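The values are calculated or read from the model by the stated rules, or taken from the named source; none is laboratory data. Just so it is clear, the structure is predicted and the values come from calculations on it, not from any experiment. No Cβ is skipped: glycine too gets one built from the backbone with ideal geometry, and neighbour counts run over all protein chains shown.
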Amino acid sequence: MSRTFSLEAILAIGLNNAMGMNGTLPWHLPSELHLFKQITEGHALIMGRRTFESLPHLLPNRHHIIISKTLSFKDGTTIVPTLDEALHIAHTLDVEKVFLIGGVNIFEEAIHTCSVIHLSRIMLSPNADIYFQFVPIYHRIAASLCFQDPSTKTDIIYQCYEKII
C-alpha cells in the first residue's frame with residue numbers, strides 16, 4: 001500500500017558551508033542536536049552510508065533508510081541502492097514525514113524536491129572536508145529562529161523553508 005508523506009530535508013551548515021569533518025559534525029552543539037531530535041522523532045530518515053556510519057547509534061523512534069551499494073544488513077535499518085528505492089520504501093511506511101538527513105550527494109540530488117527544508121546555520125567557520133552550499137531557488141523562508149547553544153555560546157539561526165514552485 002502506498003502512503004503519502006511530506007518529504008523534508010534537515011541539515012546544519014557553517015558560515016563557510018562546512019557540514020562535516022573526518023566523518024563527524026565539525027561542531028558539538030547539544031541544543032542543535034535537540035532541535036534535530038524534536039523535528040525528526042517519530043518519522044523516517046533517509047541517509048547515505050557515511051551519514052549512517054557517523055551516527056553514534058540508531059536514533060530512537062525513527063525508521064532508518066540507508067542508501068548504499070556496499071553496506072550489508074544492519075538490524076533496525078532498511079538498506080537500498082538508490083534514492084528512488086529509498087522513497088519507494090518510505091511510501092510503505094506509516095509516517096507523516098520523511099527526512100533527508102545527508103550526505104551531500106543526497107542533498108544535491110533531491111533537496112529541490114523537498115516540500116520543507118529545515119536549515120540550521122551555525123555561526124562558525126570550522127575546518128571541514130565536506131561542504132554544501134544551500135541556494136533556496138525553489139523555497140522561501142517560512143519561519144526563522146535565532147538562539148544560542150548554552151554550553152558553547154555558539155549562535156545558531158534556524159530557518160524553515162517552504163517550497164514555492
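Tabulated data
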{"read-out": "Considering residues of region 147-165 that are in a loop (DSSP other than H, G, I, E, B) and aliphatic (A, V, I, L, M) only, the residue surrounded by the fewest Cβ atoms within 10 Å (Cβ to Cβ)", "value": "Ile165"}
{"read-out": "Any strands (runs of 3 or more DSSP E) falling wholly within region 58-118 and containing at least 1 residues that are within 15 Å of the chain's Cα centre (by Cα) and farther than 19 Å from Leu33 by Cβ", "value": "63-67, 97-102"}
{"read-out": "Residues (part of a loop (DSSP other than H, G, I, E, B) and buried (at least 16 other Cβ atoms within 10 Å of the Cβ)) located in region 119-131", "value": "Leu124, Ala128"}
{"read-out": "Number of the condition not met by Ala9 [criteria: (1) buried (at least 20 other Cβ atoms within 10 Å of the Cβ); (2) more than 12 Å from the chain's Cα centre (by Cα); (3) among the small types (Gly, Ala, Ser)]", "value": "(2)"}
{"read-out": "Flag for Leu45 being touching a Lys or Arg at 6+ places or on another chain (Cβ under 6 Å), buried (at least 21 other Cβ atoms within 10 Å of the Cβ), modelled with pLDDT of 95 or more and outside any helix (DSSP H, G or I)", "value": "yes"}
{"read-out": "Selection count where residues are touching a residue at least 40 places away in the same chain (Cβ under 8 Å) and either more than 17 Å from Ile10 (Cα to Cα) or surrounded by 15 or more Cβ atoms within 10 Å (Cβ to Cβ) (or both), scope region 132-146", "value": "2"}
{"read-out": "Single residue of Glu8, Glu32 found to be of a type in the set (Asp, Glu) and part of a helix (DSSP H, G or I)", "value": "Glu32"}
